[in-house]
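Please treat every number below as a calculation from the coordinates, not as lab data. Worth saying up front: this structure is predicted, and the values here are computed from it rather than measured. Don't worry about glycine lacking a Cβ; one is built from the backbone with ideal geometry, like all the others, and counts go over all protein chains shown.
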Amino acid sequence: MPPSSRPLALLRVLLSVVVVLLLMTAALMSLVVATMTSPSLMDPVTAELTEQGAVRGALAMLLVLALPWYRAAPSVLIIVGTVSILLLHLDPFLLAVGLTGWIARCTRRWHWGVVVAGMVLIVANGVMHIVRLGQWPEEDYRQTGRILVAFSVLVCLSLILAIGFWARQRRSTRRAEAEADTALRASEHLSDELTRQREREDLAREVHDTLASRLSVLSLQAGSLQETAQREGESKLHQELQTTRSYADQALTDLRVLLTSLREGGAPSATPVPAPQGIHDLGDLLDDAASAGLDVRSFVALENFASAPEPLQRAVLRITQEALTNALRHSSDRSAHLRLTGSPERGISLIVSNRRADDSDFSLGSGTGLIGIRERAALVGGTVDVRDDGDEFVLDVQLPAVTEDSPALP
């Protein structure tokens, strides 16, 4: 137990002890009143305890020792209180205390039956004492005793219902708070899991859109090297090797950036690559595609692209990169048409088309490129349409406008 919680725990123990002592004191006072109103326990003439009264009083004092279990086991007090009423003809105090704890725990119909039976028994015990008071010779004593017994029964029943339902409400409140706390913890855990899952998906997209693109170009470049080695001289082969090495270095750099994002102290996992640089990055993509052997006939008319939100810029860049990589892989003539127009305020349209090859030389495609494009577009609320227009493959991506009323982008 932490040192800071020890005083609080000690205070709770002391409070429990005080409550039990008060209950025992009240039980003894109630026992005295019951004895004074029962002719079988106190002689009406001499006002002294009878032998039977002394024995029953001693037994009642022993039964009072069950009070410390009023919270943990109210059924014990109900049983002891019933014995005290039916066999010893004493007061119903123990039964009343047991019923208050029992009401707080009632969950079934027969539980409430026990409560009703106990309250009927308390009323019957009061009626019995009122009837027996008729044996006292003094009229004033009889009247005072009857009033006292009736008042005690009424107070007892009221306290049973008031304290019992208060304890029940308190117990329900605590249970609801515990369930709410559990639900909150589960919600926080689920939120953390969803956040980590989204970060993993973001990282997976970055890995595919960067390394996959670089490695695809390397694969195509390696095939080109084989053809160059067969047809051209050493100078051409040297140039092709330089290009291949450049792409290998770029792929290695991308891999290092992504790995750094996973290490402690590296870049935040939600942004595993450097921030986009606007139209300059688009120019680099077109230059890379051209150096890889793709003839890109482009029309780019973007307004305010550099001021667009970073998620929107990243979506445009990665979708364009993947579209050009797919064209490089699968076009029959290594050429593609790219049309990129719009603005963040009006929406951005990206259309890439290329002549489809009957039998692509690159046979390692898995379809993940189009999946990644659809995911990228969906992240910013865009749509993707893939269609065949004669012998051409057309990729049509529409990204919505971003305004002040637009929801926050991921």
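Packing here is the average count of other Cβ atoms within 10 Å per residue, and on that basis the peptides 93-99, 166-172, highest first, run 93-99, 166-172.
Rounded if a/c is under 1.5, else prolate if a/b beats b/c, else oblate: with a ≥ b ≥ c from the C-alpha gyration tensor eigenvalues square-rooted, which is segment 3-137? List each step's numbers first, then the result.
Values: a/c = 3.09, a/b = 1.56, b/c = 1.98.
It comes out oblate by the Cα gyration axes.
With neighbour counts taken as other beta-carbon atoms within 10 Å, the residues Asp91, Asp385 rank, fewest first, as Asp385, Asp91.
When peptides 155-165, 74-84, 18-28, 336-346 are sorted by average Cβ neighbour count within 10 Å, with the highest value leading, the order is 74-84, 336-346, 155-165, 18-28. Evaluating 6.51 cos²θ - 1.76 cosθ + 1.60 at θ = phi - 60° for every residue in segment 145-156, the Karplus couplings come out as x, 5, 4, 5, 5, 4, 5, 5, 5, 5, 5, 4 Hz, glycine and proline recorded as x.
Let me spell out the model: positive unit charges on the Cβ of Lys and Arg, negative unit charges on the Cβ of Asp and Glu, origin at the Cα centre of segment 277-410. What dipole size does that give, in debye rounded to 20?
Numbers: 12 positive and 22 negative charges, 22 e Å.
Dipole of segment 277-410, to the nearest 20 debye: 100 debye.
Sorting His280, His129 from the fewest to the most surrounding beta carbons within 10 angstrom yields His280, His129. For segment 277-410, the Kirkwood radius over C-alpha pairs fed into Stokes-Einstein at 4 °C and 1.567 mPa s yields D = 86 µm² per second. Here the Karplus relation 6.51 cos²θ - 1.76 cosθ + 1.60, evaluated at θ = phi - 60°, turns the backbone of segment 88-105 into coupling constants of 9, 6, 9, 6, x, 4, 4, 5, 5, 4, x, 5, 4, x, 5, 4, 5, 10 Hz, with x for every Gly and Pro.
Taking amide H atoms as placed 1.01 Å from N in the peptide plane, the amide H of Cys106 has no partner under 5 Å among residues 5 or more positions away or on other chains. Database remark: amide H of Ser298 closer than 5 angstrom to the amide H of Leu338 (H placed geometrically; neighbours at sequence offset of 5 or more, or on other chains; Pro and chain starts carry no H).
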